[in-house]
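Input: a single structure, listed below in C-alpha cells.
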Amino acid sequence: MIKKALITGINGQDGSYLAELLISKGYEVWGVLKRNSVAENQTARIPNDIFKHLKLEYADMTDMSSLIKVLIKIQPDEIYNLAAQSHVRISFDQPIYTANATGMGTLNLLEAVRLTCPNSKIYQAGSSEMFGNNIDKDGYQRETTPMSPVSPYGCAKVFSHNICTNYRNSYGMFISNGILFNHESPRRGTNFVTNKVVKEAVKIKLGLSKNIKLGNLDASRDWGHAKDYVKCMWLILQQDKPDDFVCSTGISHTVKDLVAYVFNELDLDWTQYVLVDKKYMRPEELEFLKGDCLKAKTILGWKHDYTFETMLNEMITYWKKVYEK
Ligand code: F7E
C-alpha cells in the first residue's frame, strides 16, 4: 500500500528536500501551507517537477482546528513537523509569535493527532539551539547533553522536544525527536549566515556589491547539508520504536572560517569586504556547536554525502548561475 506522509513547513528548505526524497520513495506526499499574501511565495522553494506530485492544504500551526481538518482528511502514516518561525535573531524581535508557532504549534499538532489519527508516526524537528552553551567535557553536544537555550526560538524548541517526549510516554504514541545541527543548501533563506555570505560574496565578485555586513564572526557552528539531514529524518521514522537522535557532522567552523573559505574560493581577500554591524548580533549568543551523531550512524546507518566544502561550493555555483545571467 502507498504510504502517506504529511509535511508541515513543506515550503521551507527542509520541507522541499524532504518532499523530493519521499516522492522518490513512492510516498503520497501532502503538505500544509501557511497563507502568504504573495501567493507565489507559498511554494517558491518547491521545484516544478516536485510540485506537480504534491497535495497541498492550507493550515497553520497556531490554528488547531485547521490541523484537525487536514488530519481527518489525510490520515497520514508519517507526519514530519518542520513548521516553525526558525530564525534565531528574529525570535528576539517576535518572541511571542515564535513561542506560539514553534512551541505551542507542536502541542496543537500533537493534540490534533491524538484526537484524530493516534497511530501516525511523528517526527519532531528539534534543534541544536536547544543546548544553548552547554558542552560535554569532550567538546561535543549529544542526545544526553543538558538543554539550556539562549534564545526565544531555543526555548520554544525545548518545549516542543519535551512535550513530544511526554506524549510518547503518556499515550504510547510514536513520536521521535531529531536534534538537528545547522544545515544549509542553495535553498537556505538568505538571512541565514551561510547563504547570505555566499550570495553577497558572489555579488562582490561580479561587481554588483561593495561589501557585506555581518554580526558575530567568532561564533562556531556545525554545518551540514540539508539534503543529507532529511535522509536522517526519514530513517528516524523507519525504526520500530520512537527515539531521539542528533544529526550533525562532528566538525565545527567559525563564521570567520566560513567567510574566509567562500571569499578564497572566489579569489577575494575577505578582510577587504566584511564589515561588522551590531544589527546582526543577538542579545545572547550561542557560541559553539559541535554534535556527536554516533547514535544516528550506529542505529540508523545514516551517513553524509556532503562536506562543509562541497556544500559551500554547490552554493557558490548556484549563486554564480543566478547573477551571471
Ligand atoms: O547564524 C552568526 C550568528 O542565523 C549562525 C537555524 O536553522 O540553525 C540555525 O540557527 C551564526 C550565529 O543560524 C550573521 O550570530 C554572524 O552565531 O545562520 P544563522 P543559527 O542562528 O545558528 C539552528 C540549528 C536552527 O535550528 C535554526 O532554526 O552566524 N552570524 N553574522 C550571523 N547570522 C545571521 N543570520 N546573519 C548575519 O549577518
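Of all lysines in the structure, the ones whose alpha carbon falls short of 18 Å from that of Lys4, not counting any fewer than 8 places away in one chain, are Lys25, Lys52, Lys55, Lys69, Lys73, Lys121, Lys231. What does the charge count around Met147 come to, taking other residues whose C-beta lies under 12 Å from its C-beta (Lys +1, Arg +1, Asp -1, Glu -1)? For residues surrounding Met147, the net value is -1. A Förster distance of 25 Å, applied to the separation of the beta-carbon atoms of Asn191 and Lys325, puts the FRET efficiency at 0.65. Exposure proxy shown here: for His183, His87, the number of other Cβ atoms within 10 Å sets the order, fewest to most, as His87, His183. Using only side-chain charges placed at the Cβ, +1 for Lys and Arg and -1 for Asp and Glu, the dipole size of the chain relative to its Cα centre rounds to 680 debye. Take the Cα of Ser170, go 7 Å toward its beta carbon, and the backbone nitrogen atoms of region 76-110 under 18 Å from that spot belong to 103-110.
Between the DSSP loop rule and a limit of at most 15 other Cβ atoms within 10 Å, which trypsin sites (Lys or Arg not before Pro) in region 35-86 are left? Within region 35-86, the qualifying trypsin sites (Lys or Arg not before Pro) (loop, at most 15 other Cβ atoms within 10 Å) are Arg35, Lys52. The trypsin sites (Lys or Arg not before Pro) of region 266-309 that meet both conditions, a loop assignment by DSSP and at most 14 other Cβ atoms within 10 Å of the site Cβ, are Lys303. Applying the Karplus relation 6.51 cos²θ - 1.76 cosθ + 1.60 with θ = phi - 60° to region 255-264 yields 3J(HN,Hα) values of 4, 4, 4, 4, 4, 4, 5, 5, 5, 4 Hz, where x marks Gly and Pro.
Where does the charge balance sit around Glu78 when Lys and Arg score +1, Asp and Glu -1, over other residues with C-beta under 10 Å from its C-beta? Numbers along the way, then the final one.
Working: positive: Lys3, Lys4, Lys121; negative: Asp77.
So the environment of Glu78 carries a net charge of +2.
Taking label points 7 Å from Cα along the Cα-to-Cβ direction, Thr310 and Gln239 give a separation of 2.6 nm.
Residues of region 28-65 with an amide N closer than 14 Å to a point placed 7 Å from the Cα of Ile72 along the Cα-to-Cβ direction: 64-65. One chain, two ends: Thr144 and Glu265. Fully extended at 0.36 nm per residue, the span grows by 39.8 nm beyond their Cα-Cα distance.
Available extension along the chain between Lys25 and Leu217 is 65.1 nm, counting 0.36 nm per residue and deducting the alpha carbon span.
The angle between the Cα long axis of helix 13-24 and the longest principal axis of the Cα atoms of the chain comes to about 60 degrees, rounded to the nearest 10.
Counting neighbouring Cβ atoms within 10 Å and putting the fewest first, the residues Met147, Met130, Met315 line up as Met147, Met315, Met130. What is the calculated FRET efficiency for Lys303 to Asn162, with r their C-beta to C-beta distance and R₀ = 41 Å, to the nearest 0.05? The value I calculate is 0.90. Couplings 3J(HN,Hα) for region 243-254, derived from phi with the Karplus relation 6.51 cos²θ - 1.76 cosθ + 1.60 (θ = phi - 60°), are 6, 10, 9, 7, 10, 7, 9, x, 10, 10, 10, 7 Hz, where x marks Gly and Pro. Residues whose amide H comes within less than 5 Å of that of Leu56, counting only those at least five positions distant or on another chain, are Gly31 (H built at 1.01 Å from N in the peptide plane).
Bear in mind that the values in this text are calculations on the coordinates, not laboratory data. Quantities reported herein were computed from a predicted structural model and do not represent experimental measurements. Here Cβ is always computed from backbone atoms with ideal geometry, including for glycine, and neighbour counts include all displayed protein chains.
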